[in-house]
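Peer 1: What follows is a structure written as structure tokens; I'll ask about it next.
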């Protein structure tokens with residue numbers, strides 16, 4: 001009986017009209033962002049196969065920085081550039097509790113991952129970048145964990161979601177207010193492992209990657225503990241290592 005009620009509710013949501021959160025045009029209750037707005041999200045035509053920033057097509061598939069000095073992580077995968085309107089959507093998720101936006105922005109991420117790992121090995125485990133407990137109490141939810149959970153539902157069953165592997169032990173200033181140099185200093189030794197590492201191939205999930213300071217700090221910790229490969233899964237990537 002309950003399953004029938006839930007099923008019927010999901011069917012009804014396809015026909016109930018609401019206004020799109022971004023453009024205020026009409027959409028349906030099960031799709032809070034209209035198709036036009038979803039299709040307007042900025043997508044890189046070509047990106048560095050290591051750090052993920054947009055590049056012109058090249059034989060190596062790498063940006064100049066990664067050729068000279070590649071990052072600690074192995075790949076950074078992001079379906080969108082951190083520009084309008086996806087930057088506004090992510091800010092609404094992060095600071096305005098618009099959690100209904102998580103599903104429509106993780107579907108393109110899942111599609112990108114499915115293409116990327118078609119001829120590659122999937123990570124053993126998905127690990128969200130954790131919030132410090134003080135910020136978690138203030139916000140009431142961990143957006144990276146919710147993104148990871150939404151992605152997990154769309155990925156192969158063999159992948160584990162591990163939400164207690166990492167802990168943020170340093171309550172640092174928000175990264176968006178700092179330049180690249182101070183971001184690295186701000187995030188140094190901000191994370192710790194809460195248990196022995198049993199995985200060799202790990203995917204780190206975060207909402208946006210800018211300089212890569214946060215994910216690099218975590219990657220360093222994971223590889224020191226025995227990880228062989230760390231891939232970054234992010235909804236959006238800044239156009240440059242700002």
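The values are calculated or read from the model by the stated rules, or taken from the named source; none is laboratory data. Source: prediction; values computed, not measured. Neighbour counts run over all protein chains shown; Cβ positions are idealised from the backbone, glycine included.
Peer 1: Could you please find all residues in region 80-91 being farther than 16 Å from residue 144 by Cβ and in a loop (DSSP other than H, G, I, E, B)?
Peer 2: Scanning region 80-91 gives 83, 84, 85.
Peer 1: Would you mind telling me which numbered condition in (1) in contact with a helix residue (DSSP H, G or I) (Cβ under 6 Å, 6 or more places away or on another chain); (2) modelled with pLDDT under 95 residue 65 fails?
Peer 2: The failed condition is (1).
Peer 1: Among the residues of region 92-103, are any in contact (Cβ under 8 Å) with a residue 60 or more places away in the chain, assigned to a loop (DSSP other than H, G, I, E, B), in contact with a helix residue (DSSP H, G or I) (Cβ under 6 Å, 6 or more places away or on another chain) and assigned by TED's automatic domain parsing to the domain that holds residue 147?
Peer 2: Pass one, region 92-103, residues in contact (Cβ under 8 Å) with a residue 60 or more places away in the chain: 92-94, 98, 100-101.
Next, only the ones that are assigned to a loop (DSSP other than H, G, I, E, B) stay: 98.
Keeping just the survivors that are in contact with a helix residue (DSSP H, G or I) (Cβ under 6 Å, 6 or more places away or on another chain) gives 98.
Remaining after also requiring assigned by TED's automatic domain parsing to the domain that holds residue 147: 98.
The answer is yes, given that some residue of region 92-103 is in contact (Cβ under 8 Å) with a residue 60 or more places away in the chain, assigned to a loop (DSSP other than H, G, I, E, B), in contact with a helix residue (DSSP H, G or I) (Cβ under 6 Å, 6 or more places away or on another chain) and assigned by TED's automatic domain parsing to the domain that holds residue 147.
Peer 1: All but one of (1) assigned to a loop (DSSP other than H, G, I, E, B); (2) under 17 Å from residue 239 (Cα atoms) hold for residue 65; state the number of the condition that does not hold.
Peer 2: That leaves (1) as the condition not met.
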